[in-house]
Amino acid sequence: MSVDVMVETTIRRSPAEVSAYAGDPGNAPTWYANIRSVEWRTQPPMRVGSRMDFVAQFLGRRLAYTYEVVEWVPGERLVMRTADGPFPMETSYTWEPADGGGTRMTLRNRGNPSGFARIAGPAMELAMRRATTKDLARLKEILET
């Protein structure tokens, strides 16, 4: 079973400001409720080929995985894929000007769970949607205050 969750929000900041904050892995533990830590495996700044180790807590389980940046267009798009971890996952962010100002940001997670995650697929997708919706709300709150 594949998982594909996409959520979006509008943030009253420019795409450049939103992407600079949201696209910086060091900020992820601040606005992602489930991410506990991020460590660079390659030297910053962000670029295609950059790798970071993430530790998260999700559905009561500790997850450790490595993301590799496969696309990075500041102010427009970031795509990362797991290079190592519990199951193949791709996370993508897009930023575009919103009608009336601000930024329309989308956050998409998709992948093919295995093991426990495969068994819990439908519940996992629902939990991911709930969590990412809250994460974007937190990001919006941080950037708008």
Given a Förster distance of 30 Å, the FRET efficiency implied by the Cβ-Cβ spacing of Thr30 and Asp99, rounded to the nearest 0.05, works out to 0.60
Once both labels are modelled 7 Å past Cα along the beta-carbon direction, what's the Glu144-Arg130 spacing in nm?
2.3
Got a sec? How would Met128, Met105 order by Cβ neighbour count within 10 Å, fewest to most?
Met128, Met105
Fewest Cβ neighbours within 10 Å first, please rank Ile35, Ile142, Ile11 accordingly.
Ile142, Ile35, Ile11
Given the candidates Ala123, Val3, Val73, the one whose Cα lies deepest towards the positive end of the charge dipole of the chain, counting +1 at each Lys or Arg C-beta and -1 at each Asp or Glu C-beta, is Ala123
Gyration tensor (alpha-carbon) shape descriptor, the stretch 1-43, a/c threshold 1.5
oblate
Table column - 3J(HN,Hα) (Hz), the stretch 16-27, Karplus curve with 6.51, -1.76, 1.60, x for Gly and Pro
4, 5, 5, 5, 4, 7, 5, x, 8, x, x, 8
Show me, for the stretch 65-79, the HN-Hα J-couplings you get by feeding each phi into the Karplus relation (A = 6.51, B = -1.76, C = 1.60, θ = phi - 60°), rounded to Hz, glycine and proline as x.
8, 10, 9, 10, 6, 10, 8, 8, 10, x, x, 10, 7, 9, 10
By how many degrees, 0 to 90 and rounded to 10, does the Cα axis of helix 121-144 deviate from the longest principal axis of the chain?
30
One can check that the equivalent ellipsoid of the stretch 3-144, built from the alpha-carbon gyration tensor with semi-axes equal to the square roots of five times its eigenvalues, has lengths in Å, largest first, of 24, 18, 13
What does the charge add up to near Thr91, with Lys and Arg as +1, Asp and Glu as -1, over the other residues with Cβ less than 15 Å from its Cβ?
-4
If R0 is 35 Å, what FRET efficiency do you get for Glu39 and Ala123 from their C-beta distance, rounded to 0.05?
0.75
Subtracting the Cα-Cα distance of Ala137 and Glu90 from 0.36 nm times their residue separation yields 14.8 nm
Which whole-Hz couplings ³J(HN,Hα) result when phi for each residue of the stretch 28-36 is put into the Karplus expression 6.51 cos²θ - 1.76 cosθ + 1.60, θ = phi - 60°, listed in order with x for Gly and Pro?
3, x, 6, 10, 8, 4, 8, 8, 8
Size of the dipole of the stretch 12-145 about the Cα centre, Lys and Arg at +1 and Asp and Glu at -1 on the beta carbon, nothing else charged, in debye to 20?
400
So what is the relative contact order for the chain, in percent, with contacts set as C-alpha pairs under 8 Å and at least six apart?
32
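None of the figures in this text is laboratory data; all of them are computed from the coordinates on show. Since the structure is predicted, the reported quantities are computational estimates derived from the model, not experimental observations. Neighbour counts run over all protein chains shown; Cβ positions are idealised from the backbone, glycine included.
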